[in-house]
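Read through the structure below, which is laid out as structure tokens, and then see the notes.
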Amino acid sequence: MSDLEDRLREIVGAPHVAVDEDLKSQYETDWTRRFTGEARCVVRPASTAEVAAVVRTCADAGVPITVQGGNTGLVGGAVPAGGEVLLNLGRLTALDDVDVLEGQVTAGAGVTLEKLQQHARPHGLDVGVDLAARSAATVGGLVATNAGGLRVVRYGSMREQLTGIEAVLADGTVVSRLGGLAKDNTGYDLTQLLAGSEGTLAVITKVRLRLVPLLPARAVALVAVAGVPAALQLLAAARAGLPSLSAAELFLAEGLDLVRAHGKLAAPFAESYPAFVVLECSARTDPTDELLEVLGECPAVEDATVASDATGVAKLWAYRETHTEAISAAGLPVKLDVSVPLRELSGLVDDLPGTVSAAAPGARVIIFGHLGEGNLHVNVLDAGADAEQVSDAVLRLVAQRRGSISSEHGVGRAKTRWLSLSRSDAEIAAMRRIKGALDPAGTLNPGVLLN
Ligand code: 2HG
Ligand code: ZN
């Protein structure tokens with residue numbers, strides 16, 4: 001092997017540099033199986049100092065780097081295009097004690113969301129972000145992609161949880177801002193700049209996160225509604241009437257059929273309905289009564305089933321949370337994560353099937369997502385060779401309705417072509433200048449976000 005691999009072995013130890021295909025392959029394909037590329041080697045450092053040395057060594061050699069956390073992304077942002085050093089941060093698992101006074105914690109980039117939740121909860125605190133990939137998704141990746149998930153309606157996305165960051169710049173310099181000051185107006189906010197930068201500006205090695213009070217009492221309603229307008233009517237009632245509202249999710253009849261077949265789940269209602277909303281309330285004391293009151297008064301509710309015990313809650317969530325795996329088991333979907341203003345949501349859902357079948361005759365569309373943010377996960381199965389046309393048609397439709405071509409999954413490699421549908425030329429030019437200033441040689445995640 002070449003000098004570069006030898007130097008990387010000196011930095012992280014030989015067992016943590018993989019060059020053989022059978023050792024590299026698990027890192028080279030993303031969760032969707034759609035995005036894959038060959039890494040020159042996979043390097044797994046265990047500390048910030050090791051990351052800095054790896055980045056500096058690659059920069060000196062002029063070799064690009066692909067940065068990877070838990071590899072649960074869905075837009076090809078953490079897998080190589082071909083020839084990069086794949087920098088996997090899964091060994092950065094340092095986890096500081098929970099700072100109960102500040103209500104914050106500092107975690108290494110490789111700590112999984114689930115591990116962080118388990119760490120915070122015994123202190124009566126919790127992580128504001130939660131999502132189905134919690135057991136594998138790492139906090140570094142969640143911050144780098146500004147992940148959203150199931151509780152954005154209450155606590156915002158990952159950037160809202162962030163109070164500080166430690167990162168390695170493209171030349172190997174370490175910037176560290178982990179003091180977690182609640183107020184700190186001392187110039188450009190590098191922490192927030194790196195949130196959602198998808199590994200293109202720096203390698204995030206540690207994050208400092210604000211925690212939220214642990215709310216152990218949960219009540220979940222699965223509500224059958226007549227369609228998206230009714231779902232929105234219920235959302236408005238829930239926002240106004242439920243101070244404990246912690247999630248408002250949407251799925252449709254086609255998705256329900258798929259998850260039921262995949263997970264062998266019972267029908268939630270005796271009759272069939274076109275659309276379903278999951279409402280979750282979380283509080284210190286059982287919020288079931290306030291949830292039932294809102295459901296009882298809202299004319300949009302066709303039928304509802306409510307649970308507040310852990311098993312019942314998990315059963316209801318399964319109808320929504322297992323969409324991704326059920327779709328993946330049915331084929332290789334085109335995954336489009338989009339959002340539109342809530343007033344445009346119903347029109348978009350109406351237009352999607354026609355738009356998709358015009359682009360890919362015979363394709364199936366499964367639509368679900370985060371109702372509170374107008375965030376739809378448009379999954380298209382059986383698009384075959386027409387995948388690119390489907391993406392183009394759907395993303396243009398979203399742009400016409402003043403929406404975003406990437407709501408919470410990022411741009412990755414999947415959507416660079418369409419960035420101008422959501423960002424003006426002036427914005428993209430400013431983004432390129434930021435990229436040029438922080439990574440002048442373009443070695444960090446080339447081809448991701450900006451092409
Ligand atoms: C979710 O909300 C995730 O479950 C995955 O963002 C979405 O599979 C998808 O398209
Ligand atoms: Zn989602």
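Laboratory data are not the source of any read-out in this text; all were calculated from the coordinates shown. All values reported here derive from a predicted model rather than from experimental measurement. Glycine also receives a Cβ, built like all others from the backbone with ideal geometry; neighbour counts cover every protein chain displayed.
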Between ALA330 and ARG121, what length comes free when the chain is fully extended (0.36 nm per residue of separation minus the Cα-Cα distance, one decimal in nm)? 71.6 nm
Using a Förster distance of 51 Å, how high is the FRET efficiency between ALA385 and ALA310, based on the Cβ-Cβ distance and rounded to 0.05? 0.65
Work out how much length SER424 to ALA261 would gain on full extension: take 0.36 nm times their residue separation and subtract the Cα-Cα distance, in nm to one decimal. 54.4 nm
Just to confirm a number: summing +1 for Lys and Arg and -1 for Asp and Glu over residues other than THR191 whose beta-carbon lies under 14 angstrom from that of THR191, what do you get? +2
So for the chain, taking the charge dipole from beta-carbon charges (+1 Lys/Arg, -1 Asp/Glu), which of THR138, GLY128, ALA81 sits furthest toward the positive end? ALA81
Sorted peptide list for 285-292, 249-256, criterion being average Cβ within 10 angstrom, highest first: 249-256, 285-292
Starting from the Kirkwood Rh over alpha-carbon pairs, what translational D in µm² s⁻¹ does the chain have by Stokes-Einstein at 37 °C and 0.692 mPa s? 144 µm²/s
What longest range of the chain stays clear of loop-exposed trypsin sites (Lys or Arg not before Pro) (DSSP non-H/G/I/E/B, at most 14 other C-beta within 10 angstrom)? 34-182
Quick calc, GLU271 & ALA437: beta-carbon distance into FRET formula, R0 60 Å, rounding 0.05, result 0.55
Estimated 222 nm signal from helices in the chain, with DSSP H stretches of n ≥ 4 weighted -39500 (n - 2.57), rounded to 500: -10500 deg cm²/dmol
Can you find, among LEU242, VAL294, LEU279, the residue farthest towards the positive end of the dipole of segment 234-298? Put +1 on the C-beta of Lys and Arg, -1 on that of Asp and Glu. LEU279
For ALA182 and GLU21, what is the calculated FRET efficiency with R₀ set at 51 Å and r taken between the beta-carbons, to the nearest 0.05? 0.60
Theoretical gain in end-to-end length, GLN400 to SER135 [0.36 nm per residue, Cα-Cα removed]: 91.7 nm
Going residue by residue through segment 421-434, the Karplus relation 6.51 cos²θ - 1.76 cosθ + 1.60 with θ = phi - 60° gives ³J(HN,Hα) values, rounded to whole Hz and with x marking Gly or Pro, of 6, 10, 10, 6, 4, 5, 5, 5, 5, 5, 4, 5, 5, 5
Relative contact order computed over segment 356-451 (Cα-Cα under 8 Å; 6+ residues apart), in percent: 21 percent
Name the long-range amide H neighbours of ASP303: under 5 Å, sequence gap of 5 or more, or other chain; modelled H, no Pro or chain starts. ALA224
Quick calc, the chain, dipole around Cα centre from Cβ unit charges on Lys, Arg (+) and Asp, Glu (-), nearest 20 debye, gives 560 debye
Taking only the Cα positions of segment 211-349, the convex hull volume per residue in Å³ is 131 Å³
With no solvent and one point on each alpha carbon, what is the Debye value of log10 I(q)/I(0) for segment 304-451 at q = 0.09, 0.16, 0.17, 0.20 Å⁻¹? -0.35, -0.93, -1.01, -1.22
Rounding to the nearest 20 debye, state how big the charge dipole of segment 121-254 is about its Cα centre with +1 on each Lys and Arg Cβ and -1 on each Asp and Glu Cβ. 420 debye
